[in-house]
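No lab work stands behind these numbers, since they all come straight from the coordinates. Everything numeric here is computed off the predicted structure, so don't read it as measured data. As a convention, Cβ positions derive from the backbone with ideal geometry for all residues, glycine included, and neighbour counts pool all protein chains shown.
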Amino acid sequence: MNRLIDWLAALGAMTRQALADWGYGARLFIRLLVMSGTALRRFGLVRDQVHFLGNYSLAIITVSGLFVGFVLGLQGYYTLQRYGSAEALGLLVALSLVRELGPVVAALLFAGRAGASLTAEIGLMRAGEQLTALEMMAVDPVQRILAPRFVGGVIALPLLTAVFSAVGILGGYAVGVLLIGVDSGSFWSQMQSGVDVWKDVGNGMVKSVVFGVAVTFIALLQGYVAQPTPEGVASATTRSVVVSSLSVLGLDFILTTMMFSI
């Protein structure tokens, strides 16, 4: 009986802590949304964060997009060739990238590179008591430190997604047309007639904005609540990448169901 009571007490404590963590995260998210407008007024801070998060992630996004396009062009050609539809390779590559692979893969790469960097940066500020020093000087660290980074991440990821998709299409063109020999006119004409700007490209951009909000917020939250020790910062950085990646995949399923299944 005592063991059952201890188990129920432990379960209750875990549930209470989980609810407290979710409530704290929700309040921080609302504060960031409210302060986003104020952060945009200080354009220099947001610009620096877009440069830090976006420009420094451009190399891995470009190279990854190129090789994803290579693979899509190669595998797509061999699949379509079975049904005599090799001319539709451009449509296959474009739809795969702008609908799914572009937003999802770019968000996962963004979480691994920029998200981890954000968590480590904020976590080190917490460990070095810089955030506490700002509070002692009556400066809100959420408004001064977190909000510009949040807005910068939300702006940077859609731009990186567009670059990823564009480079991926060029990679598919290089393999399909230049290497294999698919007709260039068919490649581009099928893509032009089959890809809808609003339904396909627009929904892909909406996905990238949602992913940008989720990944950036998770990275900032994990860094902000990290334990002020080297082990705590390392654990928060790892947790940030894992939670962000799983959130992107889960949100992708929900958004795809809402956008393309109705």
query = Any idea what the alpha-carbon Rg over 2.2 N^0.38 Å comes to for the chain?
reply = 1.21
query = Which order results if 135, 100 are arranged by neighbouring Cβ count within 10 Å, fewest first?
reply = 135, 100
ask   = Suppose every K and R has +1 on its Cβ and every D and E has -1 on its Cβ; what is the size of the dipole of the stretch 101-236 about the Cα centre, in Debye to the nearest 20?
value = 60
key: Vicinal HN-Hα couplings computed from phi for the stretch 150-165 (Karplus, 6.51 cos²θ - 1.76 cosθ + 1.60; Hz; Gly/Pro x)   = 5, 5, x, x, 5, 6, 6, 5, x, 5, 5, 5, 4, 5, 4, 5
key: Note, ³J(HN,Hα) from phi for the stretch 244-260, Karplus 6.51, -1.76, 1.60, rounded to Hz, x at Gly and Pro   = 5, 5, 5, 5, 4, 5, x, 5, 4, 5, 5, 5, 5, 4, 6, 8, 10
request  = Assign unit charges at the C-beta atoms only (+1 for Lys and Arg, -1 for Asp and Glu), then state the dipole size of the chain relative to its Cα centre in Debye, rounded to the nearest 20.
outcome  = 400
ask   = Can you give the calculated 222 nm mean residue ellipticity of the chain, where each DSSP H run of n ≥ 4 adds -39,500 (n - 2.57) and the sum is split over every residue, rounded to the nearest 500 deg cm²/dmol?
value = -26000 deg cm²/dmol
task = Take the alpha carbon gyration tensor of the stretch 123-174, find the square roots of its eigenvalues, order them as a ≥ b ≥ c, and report rounded if a/c is under 1.5; if not, report prolate when a/b exceeds b/c, else oblate.
result = prolate
